[in-house]
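One structure below.
Here, each number is a calculation from the coordinates, and none is a lab measurement. It should be emphasised that the depicted structure is a prediction, and the values quoted were computed from it without experimental measurement. FYI the Cβ positions are ideal-geometry reconstructions off the backbone, even for glycines, and counts take in every protein chain you see.
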Amino acid sequence: MRLLSDLFRKLFVRLIILLLAAITLIALEARERNLDKIEKEKLRIEEKISDIDKRIKQKEHHLATKAEQQRKLRRKISAERNTAARSLKALEKSRNAKRIRDKLPPWKAIEHLHTVIESNIEAAALSVKHAEETLRIVHTNREIAEHTVEKSRLYNELALVEADTSMDYLLKQDSFLALLSRSDRLLLLALFYAFFFGPMTIKSLNYFVFAPLARKAPPIVVNTEADDRLERISYGSPENEFEVQLAKGESLVVRPGWYSLNSEGSTRARFFWDRSAPFASYAMGLFNMTEFKRDSDASRIIRIGCEEDPTQNIFPVHLDEHPGYVVRQGHVVATSGEALAMAKKWRLWDWKSWLFGNIRYVYFTGTGTVYISGHGNIADNETTANSRIKEQHVIGFDTRSPIKMMRTETFANYWLNHKPLYDIHFPEQGRYLQQQSYGQRDDKIFRSLFEDIMGAIGKLLGF
């Protein structure tokens, strides 16, 4: 039941992630289409507004021309009326004259009368023309007003278009899935396959293709230049707690949470175990450490042990000018010895290392003691030859020992994450440390997923 519960929980989380990816793609596509629609609508409306502005300017120019023509007509009408008035005044004066000599000759009077009639007719014609121009001006003003109203309507429409959001665009669609482009659907299909069938595919390739190649590959020796004639290593007995007595001038570097008692002497922080290799020190868990020194004739005792889990054993490994000893990340509790150093070896060009998933090895060299922690009983395998052990149980091994990776016995255990893909095979004398168990795995989905990713990267880089 627990297995089914974990399986359904993981499938549910992957389905939620896939659904979120689909929603994100739909939202992005809706946003892009909405922005494109807004740009097209804005361009269309702005073109209409620009066309209306041109028409209004033409009408205003035409209106100004008509107004000028009206002014000229009014001046002509006024001139004609003045001419008629002068002739009429002359006729009136001649008619009221008492003396014969003051009266106009008949031909002159007829000429004035003709001028009055002609001027009035011309003034009337000009007045009709002026009225027609006035009507045209009124019509032009009405057209300008209509264009202005249309322009205001277009500005309101533009404001509504600019205020349109991608959510409004989504709500107007008959189907959300219609927004997905072909590339989006292919991406979702690839994610679906990766989430639900990817682990099976990758694990099948690992188990049935790569693991047999790894088994047929020759062993890896991390440190091929080392002299194999001398052991240069000895082991203490595993204990839950150690009391380390420091000689004068000696120091002990301890991880946080692994010491409970210390006597008088100088103490200082050591942020990285190896200042020249801060990243390797951090990856190994050897950071923010405490360094104890004996600086007087009185003895100094440091008691080391796990504060959180007192059942964890500590196993001292004494190195004497040793060429290299690999310790699994997080298992180094403390170190002593000024001649102890950290070294790294890259194997970028070795295809077997890529196949085994480990292209960098970090190990201790020189002279000193490395205190290593483990779950349950810890045992050394100095005399065992041709041994095979689960990868999680190995917490340290000699860099001179050849190692091979052997495929785990059954595919089901590997597929269900009950066992790792590889067991470590020591074809010769082992020279490795073995812990009885490897602790409890945190089964929180997101945390375990993060740990899987970071663990794969760390294993590749030798952490």
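Worth pointing out:
- Note on residue 103 and residue 437: the extension gain reaches 105.4 nm, defined as 0.36 nm multiplied by sequence separation minus the Cα-Cα distance.
- Less than 5 angstrom separates the built amide H of residue 244 from those of 302, 303, 304, all sequence-distant by 5 or more or on a different chain.
- Computed P(r) (all Cα pairs; the range 2-178; 10 Å bins; percent): 8, 17, 13, 12, 11, 9, 8, 7, 5, 4, 3, 2, 1, 1, 0
- Unsatisfied cross-links (Cα-Cα over 30 Å) in the set 203/404; 10/352; 352/390; 40/151; 59/172: 10/352; 59/172
- Extension gain for residue 44 to residue 355 (0.36 nm times residue separation, less C-alpha to C-alpha distance): 105.9 nm.
- For the chain, the longest principal axis of the alpha carbon atoms and the long axis of helix 445-460 meet at an angle near 70°.
- Distant-in-sequence amide H partners of residue 295 (H built 1.01 Å from N, under 5 Å): 266
- Inter-part distance where the range 280-323 and the range 61-95 are each reduced to a Cα centre, Å: 120
- Length released on extending from residue 321 to residue 418, taking residue separation times 0.36 nm less the Cα-Cα span: 31.0 nm
- 3J(HN,Hα) couplings calculated from phi for the range 63-78 with the Karplus curve 6.51 cos²θ - 1.76 cosθ + 1.60 (θ = phi - 60°) are, in sequence order, 5, 5, 5, 5, 5, 5, 5, 4, 4, 5, 4, 4, 5, 5, 4, 4 Hz; Gly and Pro show x.
- The range 354-372 and the range 107-130 have Cα centres separated by 124 Å.
- Counting only DSSP beta bridges whose two residues both lie in the chain, roughly 100 percent are antiparallel.
- Phi-based couplings in Hz for the range 244-259 (Karplus 6.51, -1.76, 1.60; Gly and Pro marked x): 9, 9, 8, 7, 5, x, 7, 9, 10, 9, 10, 6, x, x, 10, 9
- Given +1 at the Cβ of Lys and Arg, -1 at the Cβ of Asp and Glu and no other charges, the dipole of the chain around its Cα centre is 4380 debye to the nearest 20.
- One way to sum up the overall shape of the chain is the equivalent ellipsoid from its Cα gyration tensor, whose semi-axes run 107, 29, 19 Å, largest first.
- Residue (of 120, 49, 155) at the positive-pole extreme of the range 2-178, dipole from beta-carbon charges: 120
- Once backbone amide H atoms are built at 1.01 Å from N, residue 407 has 423 as its partners under 5 Å, excluding neighbours fewer than 5 places away on the same chain.
- Shown is the FRET efficiency for residue 86 and residue 131, computed with R0 = 22 Å from the Cβ-Cβ distance and rounded to the nearest 0.05: 0.30.
- Cα→Cβ-extended label distance, 7 Å offset, between residue 51 and residue 190, nm: 4.5
- Highest mean packing first, where packing is the average number of other Cβ atoms within 10 Å per residue, the peptides 178-184, 336-342 line up as 336-342, 178-184.
- For the chain, the relative contact order comes to 14 percent (Cα pairs under 8 Å, sequence separation of at least 6).
- Computed [θ] at 222 nm, helices only, for the chain once each DSSP H run of length n ≥ 4 contributes -39500 (n - 2.57): -16500 deg cm²/dmol
- Peptides 249-257, 87-95 ordered by average Cβ neighbours within 10 Å, highest first: 249-257, 87-95
- Degrees, to the nearest 10: 182-196 long Cα axis against longest axis of the chain: 20
- Theoretical FRET efficiency, 1/(1+(r/R0)^6), r = Cβ-Cβ of residue 75 and residue 21, R0 60 Å, to 0.05: 0.15
- Once Rg and the Kirkwood radius are both taken over the C-alpha atoms of the range 131-237, their ratio Rg/Rh works out to 1.64.
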